[in-house]
Every structure is written in structure tokens, then in C-alpha cells.
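S.K.: Take a look at this one; I'll ask things after.
The values are calculated or read from the model by the stated rules, or taken from the named source; none is laboratory data. Just so it is clear, the structure is predicted and the values come from calculations on it, not from any experiment. A quick note on method: Cβ atoms are made from the backbone with ideal geometry, for glycine too, and the neighbour counts reach across all protein chains shown.
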Amino acid sequence: MVKAIRIHQTGGPEVLRYEDVDLPAPGPGEAQIRQHAVGVNFIDVYYRTGLYPTPTPFTPGNEGAGEVLAVGPGVEGFKPGDRVAYAGTLGAYAQARNIDAKFLAHLPAEISYETGAAMMLKGLTAEYLLFRSYKVQSGDAILVHAAAGGVGLILCQWAKKLGAFVIGTVGSADKAKLAREAGADATILYRDEDFSARVREITGGQLCHAVYDGVGKDTFPGSLDCLRPFGTFVSFGNASGPVPPFNLGLLSPKALFVTRPSLFAFIADAARLREMAARLFEAVASGAVKIPVHATRPLAEAAEVHRALEGRATTGATVMIP
Ligand code: NDP
């Protein structure tokens with residue numbers, strides 16, 4: 001038996017229950033890992049509320065780091081004692097778990113478990129956003145919504161290193177300070193200001209090459225107004241609710257590109273996952289990108305952690321210790 005958070009019925013944070021669950025031996029292709037840290041992500045909220053439907057009961061969480069305890073038949077490349085980290089498969093909110101070994105990456109010795117658990121889902125997302133959904137070039141102007149969040153602070157740092165001019169939207173003055181420290185050249189308090197008008201002003205009317213939008217409903221269609229002709233709208237999340245269906249004709253005056261990516265599509269291919277992880281580990285190990293672990297809480301407090309995340313009270317990444 002191990003302790004885990006279980007969801008028997010979708011709903012508010014109170015549905016996150018701390019319980020004992022059975023942990024069978026790892027099956028074919030699986031590794032069993034003892035988790036030293038578990039990542040918290042906004043996607044965990046979507047699963048908890050039922051926005052992303054999944055059969056109940058289930059253990060939420062998509063990101064973690066720990067050591068391999070055992071491997072099932074057919075697993076190659078991992079052995080007991082290995083330090084590993086992963087993203088992209090439910091079941092992370094637990095002391096130990098079995099996981100399809102294809103999701104695992106070896107965690108370099110110089111990266112702590114807490115950092116590993118905070119960087120896989122958010123960092124791999126930043127990798128595909130900046131290098132694959134839209135390839136940021138030196139001199140590009142980009143807009144990052146929720147710039148002081150978990151993904152946001154990584155995007156600001158990495159985009160800056162790529163030579164972009166980074167504008168970040170944030171919910172408070174404290175968050176603006178964090179985004180600027182992470183490399184944002186300008187910040188906008190989008191709860192108080194008309195963010196598209198401010199983007200026009202900040203860029204001298206030139207607007208942005210790309211908008212990275214994990215906020216969703218509340219920033220649409222304003223995000224499109226921030227783009228220059230042939231710009232790219234990367235809609236990658238729904239923190240305020242999903243973007244409503246819209247008329248494609250909205251894109252035509254500026255011939256805009258729109259993509260709605262998911263990390264899961266990118267990491268489904270094992271070779272691509274390795275390539276993405278290698279670039280991320282290199283960026284973190286070299287110090288180019290610092291993973292912003294701003295809160296560490298016990299796993300048993302998952303409900304409180306979700307309240308804070310949904311209540312816009314967090315900055316950077318939160319990890320839970322099982
Ligand atoms: P964050 O730490 O960024 O938390 C969400 C932030 O969104 C809040 O702190 C808040 O910042 C902002 N926000 C704006 N409106 C709301 C609202 N109505 N309710 C709550 N928050 C709001 O979360 P993550 O870093 O985990 O994720 C960021 C986004 O990226 C999410 O939408 C997530 O789903 C998405 N994502 C998508 C992936 C993909 O592959 N498609 C993978 C990973 C993440 P502020 O106070 O500054 O407004």
C-alpha cells in the first residue's frame with residue numbers, strides 16, 4: 001500500500017482525497033518509481049473539474065521525479081536506483097507509482113528531484129512552444145500571458161535567451177516584478193489595463209510575431225489584436241476557461257496562423273521526447289533557464305495547493321512532497 005491522492009468524483013478541490021492505494025508489481029514495459037517530488041500543473045485542475053474527462057476513480061498529476069525501485073519485463077535503459085523524471089501520464093500524486101517507461105528521462109545528477117518534478121511538464125512545454133509551435137527568432141516580439149506562472153516564467157527566461165523582445169501579462173505588481181526579473185522587457189497588468197492597446201503602444205504599433213496564450217477565454221480575441229500580419233497565435237491552455245468557437249474569418253485580415261498544441265502530441269514520439277528533454281536539461285544545467293520552484297507542500301495538502309493555483313495566488317511552480 002502507498003499513500004496517494006484519489007478522485008472518485010470530479011469537482012472542486014475537496015474531491016482530492018488522501019488515501020491508501022494498492023501498488024502492484026510493475027507490468028511489462030513499466031517501471032516502479034518512488035517519487036521524491038511531484039509537480040503541480042494547471043492541467044491537474046482540468047482533470048479534477050472534469051474539463052478533461054477521464055474515468056473515475058483516478059490518481060491525478062502528470063509530472064514527477066524519483067528513483068526507480070523495480071522494472072517490469074521488457075524495460076530497457078532503466079534499472080533500480082536510477083534517478084528519473086517524467087511528464088505526461090496521469091497518476092503522479094502518489095508516494096510511488098508504476099509508469100510506462102517510455103515517459104521516463106534520466107535526471108542528471110546536478111538537477112534536484114524538486115527541480116526535476118517542476119521542470120518536466122512545464123519545461124518541455126516551453127521547449128515545444130518556443131522551438132516547434134512557433135520558432136522564436138532573435139529580434140522577434142512575443143507576448144506571454146500569465147508570465148509569472150509556472151510555464152510563464154520559463155518562457156520569459158528562455159525566449160529572452162533566444163533574443164526575443166518579451167512582453168508579459170500578469171495579475172499583480174508583484175507578479176510583474178517576477179516576470180521582469182525573469183527577462184520580460186515589459187509587463188502589462190491585464191486585469192487593469194487593455195492589454196492589446198498596451199501591446200500596440202509598447203511595440204510602437206509593430207505588434208507581435210507570436211502570442212503564447214495559456215489563459216484562454218478571457219484573453220480571446222484580444223490576443224489576435226496583438227499580432228502583426230502573418231503572426232502566430234499559440235493557444236495552449238484554458239486557465240480562465242476554453243476559447244469559445246470562433247469564425248475563421250477573424251484570421252483573414254492579417255492572414256494569421258493559429259495552433260492549439262498539447263505536450264502529449266509532441267512527446268508521443270519517443271525520439272522527439274528525448275530530443276526535447278536533452279535541450280531542456282542543457283538549458284537548465286547551463287543556468288540559462290532557472291526552474292522557478294516557489295512553493296513546496298506536502299502531498300496530503302493537495303486540495304489547498306489547488307485552491308491557491310486556481311485562486312491565482314501562486315507564482316512559478318509548486319511541487320508536493322509525498
Ligand atoms: P500557472 O502557474 O500559469 O497558473 C495559471 C495562471 O493563469 C494564474 O496564476 C493566473 O496568473 C493566470 N490566470 C488568468 N486567468 C485566470 C483565471 N480565471 N483563473 C486562474 N488563473 C488565471 O499554470 P501552469 O504554468 O501550470 O500552466 C499555464 C497554462 O499553460 C495553463 O493554461 C495550462 O493549462 C497550460 N499548459 C498547457 C500545456 C499544453 O501542452 N497545452 C502544457 C502545460 C501547461 P495571473 O494572476 O498573472 O493572471
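S.K.: Do we have ALA37 as at pLDDT 95 or above, in a strand (DSSP E or B) and of a type in the set (A, V, I, L, M) here?
M.R.: So ALA37 fits the description; yes.
S.K.: Cβ-Cβ distance below 6 Å, separation of 6 or more or different chains: which pairs start in region 173-193 with a residue that is in the same structural domain as TRP158 (by TED's automatic domain parsing) and closer than 18 Å to ALA317 by Cβ and end on one that is of a type in the set (A, V, I, L, M, F, W, C) and within 10 Å of the ligand (Cβ to nearest atom)?
M.R.: Sorted first by the residue in region 173-193, then by its partner, the pairs are LYS175/ALA148; LEU178/ALA148; ALA179/ALA147; ALA179/ALA148; ALA179/VAL170; ALA182/LEU153; ALA184/ALA147.
S.K.: Only one of (1) surrounded by fewer than 16 Cβ atoms within 10 Å (Cβ to Cβ); (2) in contact with a Gly (Cβ under 6 Å, 6 or more places away or on another chain) is not met by GLU282, so which one is it?
M.R.: Answer for GLU282: the failing condition is (2).
S.K.: Please work out which residue is nearest to the ligand (Cβ to nearest atom), limiting yourself to region 229-241 and to residues that are over 18 Å from the mean Cα position of the chain (by Cα) and either crowded, with 16+ Cβ neighbours inside 10 Å or in the same structural domain as TYR52 (by TED's automatic domain parsing) (or both).
M.R.: Step one: of region 229-241, the residues over 18 Å from the mean Cα position of the chain (by Cα) are 229-232.
This time we only want the ones that are either crowded, with 16+ Cβ neighbours inside 10 Å or in the same structural domain as TYR52 (by TED's automatic domain parsing) (or both), so: 231-232.
Details: GLY231: 19, THR232: 15 Å.
Once the filter is applied, the top-ranked residue is THR232.
S.K.: Can you tell me how many residues within region 168-212 are charged (D, E, K, R), assigned to a helix (DSSP H, G or I) and either surrounded by fewer than 18 Cβ atoms within 10 Å (Cβ to Cβ) or in contact with a Lys or Arg (Cβ under 7 Å, 6 or more places away or on another chain) (or both)?
M.R.: 5
S.K.: Okay, moving on. When the residues of region 290-300 are narrowed to those that are part of a strand (DSSP E or B) and within 11 Å of the ligand (Cβ to nearest atom), which ends up surrounded by the most Cβ atoms within 10 Å (Cβ to Cβ)?
M.R.: Here the answer is ALA295.
S.K.: A further question on this structure: Identify, by number, the condition in (1) outside any helix (DSSP H, G or I); (2) touching a strand residue (DSSP E or B) at 6+ places or on another chain (Cβ under 6 Å) that LYS79 doesn't meet.
M.R.: All conditions are met except number (2).
S.K.: In addition: Among the residues of region 252-271, write down those that are within 14 Å of the ligand (Cβ to nearest atom), more than 13 Å from VAL234 (Cβ to Cβ) and part of a loop (DSSP other than H, G, I, E, B).
M.R.: ALA268
S.K.: Kindly provide the set of residues from region 22-53 that are of a type outside the set (Gly, Ala, Ser), within 16 Å of the ligand (Cβ to nearest atom) and over 19 Å from GLU301 (Cα atoms), ordered by number.
M.R.: Listed by number, the residues that qualify are LEU51, TYR52, PRO53.
S.K.: Given the condition in the same structural domain as LEU309 (by TED's automatic domain parsing) and within 16 Å of the ligand (Cβ to nearest atom), answer yes or no: does some residue in region 63-81 qualify?
M.R.: Taking every residue of region 63-81 in turn, at least one turns out to be in the same structural domain as LEU309 (by TED's automatic domain parsing) and within 16 Å of the ligand (Cβ to nearest atom).
S.K.: A further question follows. For VAL305, work out the one condition from (1) within 17 Å of the chain's Cα centre (by Cα); (2) closer than 16 Å to TYR86 by Cβ it doesn't fulfil.
M.R.: Here VAL305 meets the rest and fails (2).
S.K.: If only one of GLY74, GLY123 is surrounded by fewer than 17 Cβ atoms within 10 Å (Cβ to Cβ) and of a type in the set (Gly, Ala, Ser), which one is it?
M.R.: Checking each option against the conditions leaves just GLY74.
S.K.: Just checking, does region 230-240 include any residue being assigned to a strand (DSSP E or B) and over 20 Å from ALA126 (Cα atoms)?
M.R.: yes
S.K.: I'd like to know if region 301-312 contains one or more residues that are free of Cβ contacts under 8 Å to residues at least 60 places away in the same chain and within 11 Å of the ligand (Cβ to nearest atom). Explain how you work it out, then say what you get.
M.R.: Filtering region 301-312 for residues free of Cβ contacts under 8 Å to residues at least 60 places away in the same chain gives 301, 308, 311.
Then drop every residue that is not within 11 Å of the ligand (Cβ to nearest atom), which leaves 308, 311.
Scanning region 301-312 turns up at least one residue that is free of Cβ contacts under 8 Å to residues at least 60 places away in the same chain and within 11 Å of the ligand (Cβ to nearest atom).
S.K.: What are the residue pairs meeting all of these: first residue in region 256-278, first residue small (Gly, Ala, Ser), second residue in a helix (DSSP H, G or I), Cβ atoms under 6 Å, and 6 or more apart or on different chains?
M.R.: Listed pairs, sorted by first residue: ALA270/LYS102.
S.K.: Could you grab me the full set of residues in region 153-167 that are closer than 19 Å to VAL293 by Cα and in contact with a Ser or Thr (Cβ under 9 Å, 6 or more places away or on another chain)?
M.R.: Matches in region 153-167: LEU153, ILE154, LEU155.
S.K.: Let me ask something else about it. Mind listing just one residue for me: the one in region 82-108 that is within 16 Å of ARG279 (Cα to Cα) and among the small types (Gly, Ala, Ser) and, of those, nearest to the chain's Cα centre (by Cα)?
M.R.: ALA87
S.K.: Let me ask another. Could you check, for region 93-101, whether at least one of its residues is outside any helix (DSSP H, G or I) and either within 16 Å of the ligand (Cβ to nearest atom) or not assigned by TED's automatic domain parsing to the domain that holds GLY64 (or both)?
M.R.: Yes - at least one qualifying residue is present in region 93-101.
S.K.: Kindly indicate which of GLY287, GLY249 is surrounded by fewer than 12 Cβ atoms within 10 Å (Cβ to Cβ) and either within 15 Å of the ligand (Cβ to nearest atom) or under 25 Å from ILE111 (Cβ atoms) (or both).
M.R.: On the way: GLY249 fails: either within 15 Å of the ligand (Cβ to nearest atom) or under 25 Å from ILE111 (Cβ atoms) (or both).
Exactly one residue qualifies, and that residue is GLY287.
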